[in-house]
There are 2 protein chains.
Amino acid sequence: MFVAEGLKLVEDLISSGIKPHKIFSTQTIFRRGNLPLQLISEAELKKISGLKTPQAVVGIFEIPEPQEINYNQWIVALDDVRDPGNLGTIIRLCDWFGIQNLVCSETSVDCFNPKVIQATMGSIARVYVHYVDLKNFLKNAPLPVYGTFMIGKNIYETSLPENGILVMGNEANGISEEISNLCGQKITIPKFGHKKAESLNVAMATAVFLSEIKRFTEK
Amino acid sequence: MFVAEGLKLVEDLISSGIKPHKIFSTQTIFRRGNLPLQLISEAELKKISGLKTPQAVVGIFEIPEPQEINYNQWIVALDDVRDPGNLGTIIRLCDWFGIQNLVCSETSVDCFNPKVIQATMGSIARVYVHYVDLKNFLKNAPLPVYGTFMIGKNIYETSLPENGILVMGNEANGISEEISNLCGQKITIPKFGHKKAESLNVAMATAVFLSEIKRFTEK
């Protein structure tokens, strides 16, 4: 099971077909009769909510069944992304840019962590997240592997294939050496600004790479 | 004055020429003799730090002198961006993509808010942030104004000029009507994914627009 809070998010998950196990609310806001709804007091809400400012609705949902990975499209792979906000943002980006499958190393943060769920804004219902042995996955995947590095081929000058795997690395250390060896292509976002500009956060960099992949392959 | 915490950030600000007023540290980590350094205890650090997990160094810096806006380059303008994390991330993006001037409506969050400073990762030293009456600024600026909207011209199919102003809107409401009327061009990031994908966060969207502006104008 996993937890999602807030009317908008809970409604979005339900309408996307994620099965609610129980919905706790301080208000009778849901009109549909067949929801497992339970009215609770403000005091009870405060106790069960994980948010600083609890919203009126807390939903408990069943974790959806794992899906098969579709290799006929771009896939994003994360090597040890640890921050829940980053993972949530990346799931939201995948949803926007039409990436259906997100593959995570087993060391990456759990996508059903409440902070991830809140950051996805409902996109968790539409992006399939798979936890795998990333090394084996990349070795056996029938697609070219594009790793993102501080030094690599300029993404704007790279001819991108119709399908591939985009690998993003850990917040502090980037892609590990083991995974790096499996990246047939090493790509980078050139720095246009001051030489001291340190780096882009992994979610920002994912936004830029996905934008460029879609611009290049779907135009 | 403003506050910055953490050895890396404090060192980065000092080496970027931001004048330290006082630096509090639990360790004698700075070797240069002319810094206004004061050793403090762990207990004192805990009292003055704004972080959940205090780092060894807290710096108090002088807010730098305002700079003239340079109109011979792209400028980013924010209409009422409220979240400190978003502003910090946008400043970091500006640094990476070589945007020197960031113009904010007076209702936007203060760029010297400690949460913004921490999120900029030192980029606050290299990006000049100006708080202005945005309506007057856009009316009088000698550059074309590109507003970002949910509906507009596809950014990937837009011919972009060498210099211009990119306007990003509020987290919940986007660009206000008043400012919208001053945007000569309305542009958007097309949605490649599921129709239910709600929107991109303002910082994510800024990443995509800046990437595309630089790719298009500097290639």
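Observations on the structure shown:
- Number of positions in the range A:43-75 that are farther than 30 Å from residue A:160 by Cα and not charged (D, E, K, R): 17
- Single residue of the range A:90-105 satisfying the filter (touching an Asp or Glu at 6+ places or on another chain (Cβ under 9 Å) and within 10 Å of chain B (Cβ to nearest Cβ)) that is nearest to residue A:116 (Cα to Cα): A:92
- Scanning the range B:63-87 for residues that are closer than 16 Å to residue B:116 by Cα and either more than 10 Å from chain A (Cβ to nearest Cβ) or among the acidic types (Asp, Glu) (or both) turns up B:63, B:64, B:78, B:80, B:81, B:82, B:83, B:84, B:86, B:87.
- Test set (1) free of Cβ contacts under 8 Å to residues at least 40 places away in the same chain; (2) hydroxyl-bearing (Ser, Thr, Tyr); (3) under 28 Å from residue B:216 (Cα atoms) - residue B:108 fails condition number: (3)
- Hits in the range B:164-215 - residues which are more than 23 Å from residue A:158 (Cβ to Cβ), more than 19 Å from the chain's Cα centre (by Cα), β-branched (Val, Ile, Thr) and buried (at least 20 other Cβ atoms within 10 Å of the Cβ): B:179, B:187
- When the range B:99-113 is filtered for residues that are more than 17 Å from residue B:63 (Cα to Cα) and either part of a strand (DSSP E or B) or in the same structural domain as residue B:50 (by TED's automatic domain parsing) (or both), only B:105 remains.
- Positions within the range B:167-212 being within 11 Å of another protein chain (Cβ to nearest Cβ), within 20 Å of residue B:99 (Cβ to Cβ) and either among the small types (Gly, Ala, Ser) or in contact with a strand residue (DSSP E or B) (Cβ under 7 Å, 6 or more places away or on another chain) (or both), in sequence order: B:203, B:205, B:206, B:207, B:209, B:211
- For the range A:122-142, filtered to residues that are basic (Lys, Arg) and more than 14 Å from chain B (Cβ to nearest Cβ), the residue that is surrounded by the most Cβ atoms within 10 Å (Cβ to Cβ) is A:135.
- Qualifying residue in the range A:122-131 (condition: among the aromatic types (Phe, Trp, Tyr) and farther than 19 Å from residue A:16 by Cα): yes
- Residue count for the range B:143-157 satisfying the condition of being closer than 23 Å to residue B:100 by Cα, surrounded by fewer than 20 Cβ atoms within 10 Å (Cβ to Cβ) and not hydrophobic (A, V, I, L, M, F, W, C): 1.
- Residue A:116 meets all of the listed conditions (1) farther than 18 Å from residue A:1 by Cβ; (2) assigned to a helix (DSSP H, G or I); (3) free of Cβ contacts under 8 Å to residues at least 60 places away in the same chain but one, namely (1).
The values are calculated or read from the model by the stated rules, or taken from the named source; none is laboratory data. Just so it is clear, the model here is predicted, and its values are computed rather than measured. Using ideal geometry, Cβ is built from the backbone for each residue, glycine included, and neighbour counts are taken over all protein chains shown.
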